[in-house]
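The values are calculated or read from the model by the stated rules, or taken from the named source; none is laboratory data. The shown structure was predicted, so the numbers you read here are calculated from the model rather than taken from an experiment. Glycine also receives a Cβ, built like all others from the backbone with ideal geometry; neighbour counts cover every protein chain displayed.
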Amino acid sequence: MTMITTEPNTETTLAQGKNYLAQTYARAPFVITHGEGMTVWDSTGKSYLDFVAGIAVMALGHSDPGVVQVMQEQAATLMHVSNLYYTPPQIQLAVQLCEASFADKVFFCNSGAEANEACIKFARKYARANGHQDKTEIIGFSHAFHGRTIGVLSVTPKPQYQDAFQPLMPGVHILPYNDIEAAQAAIGPHTCAVMIEPIQGEGGIHAATPKFLQTLRDLCDQYDALLIFDEVQCGLGRTGDLWAHTASGVTPDLMSLAKPLAAGLPIGAALMTDKVNAALAPGDHGSTFAGGSVVCAVASYALSRINTPEMLGHVQETGEYLMERLAELNSPHILDVRGRGLMIGMELDFPAAEVIQAGYDAGFLLVNAGPNVIRFVPPLIVEKQHIDALITFLSSFLASK
Ligand SMILES: Cc1ncc(COP(=O)(O)O)c(C=O)c1O
């Protein structure tokens, strides 16, 4: 691989980060300079096995040679012309996404929050286009995470994220996740859309039951509301299926994607059926950068690498292995281990931040999902030997607690 030639001075870079970056993130006390596969290195040369993957983004690992090659070739061919024009990479990606899913049409954007905003706008337009002026309510669920822009923040019911930014978007109702009776009581003629993560990521790795998803589908059908699945984190191979919802047998009207779709480049997508698209017209929504040629060429390549029986089988196998090895830890500090494929949460009886900090010292990148849950979302190319190394670290850390 091409090495970075000038290593930054660590102290200076950390100080400049504090001085010049808006302080909206709590960051680790080191500077990451490069990566390859499952590993990243900091500016002192220390290596870390990456079980975060840029928060479920780097599905193919760091600096994947195929990704780099497609990116370089497309950058040298055509980078950006806007959505005033058709370009081959954008169309090819749309064809691939539709052929691999329930969807008939795709709207591209640049992030998960934007994809969910698009889904909400399209649902509102669908209701209006079908003559329902006051069918505007959006149903969301406890512990959901749909993004940080004002619209989708309104469906992300965490006081710590919401309170300082009130007033949020009106017309949102939050129901308890997996509570069938509450859904039956709340969803009705004024419901415009129901937005749900089939497996909640940030909220602590909780899966919706197939029965709950089917209930939502039935209620949406009954009241002509749209069912939106947010697969920004759980989609695109992370569970060992291409889509997390496939195992439930329930199909949405809209689905949001982002994180791993372009293997590290910013992208979002709102996938929809023709029924939804029929309500849309030029000017309803848009974005300058969306569907750019480089991003779409890389996403098209990444999707073709992820959507193979070998890759999905690998995720199932390594996910089951990680689950088994976590179960073997058998520590009284572990309250629960849950999830599917390579989206696994380990709930602890102490703050997850302690494990994350110890992980840094031992050469592991780890991330939490809520205060007490460690979320394992490594690159999909993780191997058993990486998992063994992680388990050795966790085992000695937990024994020392
Ligand atoms: C399920 C889900 N939806 C939406 C988002 C927001 O995505 P982004 O940070 O790209 O806006 C996230 C990000 O963590 C997510 O996990």
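When Leu303 is tested against (1) assigned to a helix (DSSP H, G or I); (2) surrounded by fewer than 17 Cβ atoms within 10 Å (Cβ to Cβ), just one condition goes unmet, and that condition is (2).
Tell me, yes or no, whether region 77-88 has at least one residue that is within 25 Å of the chain's Cα centre (by Cα), closer than 30 Å to Gly35 by Cα, assigned by TED's automatic domain parsing to the domain that holds Ala279 and assigned to a helix (DSSP H, G or I). There is no residue in region 77-88 that is within 25 Å of the chain's Cα centre (by Cα), closer than 30 Å to Gly35 by Cα, assigned by TED's automatic domain parsing to the domain that holds Ala279 and assigned to a helix (DSSP H, G or I).
Residues in region 315-329 that are surrounded by fewer than 21 Cβ atoms within 10 Å (Cβ to Cβ) and touching a Ser or Thr at 6+ places or on another chain (Cβ under 9 Å): Gln316, Glu328, Leu329. On the stretch given as region 53-76, residues that are outside any loop (DSSP other than H, G, I, E, B) and within 20 Å of the chain's Cα centre (by Cα) total 6. Checked against the criterion of being more than 10 Å from the ligand (Cβ to nearest atom) and surrounded by 20 or more Cβ atoms within 10 Å (Cβ to Cβ), the candidates Asp241, Asp221, Asp253 yield just one match: Asp253.
Looking only at residues in region 238-272 that are within 13 Å of the chain's Cα centre (by Cα) and assigned to a helix (DSSP H, G or I), which one is farthest from Ala193 (Cα to Cα)? The selected residue is Ala262.
So in region 93-132, with the set limited to residues that are of a type in the set (Lys, Arg) and away from the ligand (no atom under 16 Å from the Cβ), which one is surrounded by the most Cβ atoms within 10 Å (Cβ to Cβ)? If we take residues in region 93-132 being of a type in the set (Lys, Arg) and away from the ligand (no atom under 16 Å from the Cβ), then Arg124 is surrounded by the most Cβ atoms within 10 Å (Cβ to Cβ). The requirement of being of a type in the set (A, V, I, L, M, F, W, C) and without any contact (Cβ under 8 Å) to a residue 40 or more places away in the chain is fulfilled nowhere in region 195-206; no residue meets it.
Taken as a whole, the condition of being within 12 Å of the ligand (Cβ to nearest atom), more than 15 Å from Ile139 (Cβ to Cβ), modelled with pLDDT of 95 or more and part of a loop (DSSP other than H, G, I, E, B) applies to Gly235. Against the test of being within 16 Å of the ligand (Cβ to nearest atom) and either modelled with pLDDT under 95 or touching a helix residue (DSSP H, G or I) at 6+ places or on another chain (Cβ under 9 Å) (or both), the options Val70, Val81, Val57 yield a single qualifying residue, Val57. When Pro351, Pro332, Pro371 are checked against the criterion of being within 21 Å of the chain's Cα centre (by Cα) and exposed (fewer than 14 other Cβ atoms within 10 Å of the Cβ), Pro371 stands alone in meeting it.
Considering every residue within region 374-388, establish whether at least one is in the same structural domain as Val40 (by TED's automatic domain parsing), surrounded by 21 or more Cβ atoms within 10 Å (Cβ to Cβ) and charged (D, E, K, R). Yes.
Mind checking which residues of region 352-377 are touching a strand residue (DSSP E or B) at 6+ places or on another chain (Cβ under 8 Å), more than 19 Å from Lys46 (Cα to Cα) and part of a loop (DSSP other than H, G, I, E, B)? Within region 352-377, Ala369, Asn372, Val377 meet the criteria. Tally the residues that are buried (at least 17 other Cβ atoms within 10 Å of the Cβ) and farther than 15 Å from Pro198 by Cβ, restricting the search to region 335-344. So the answer is 3.
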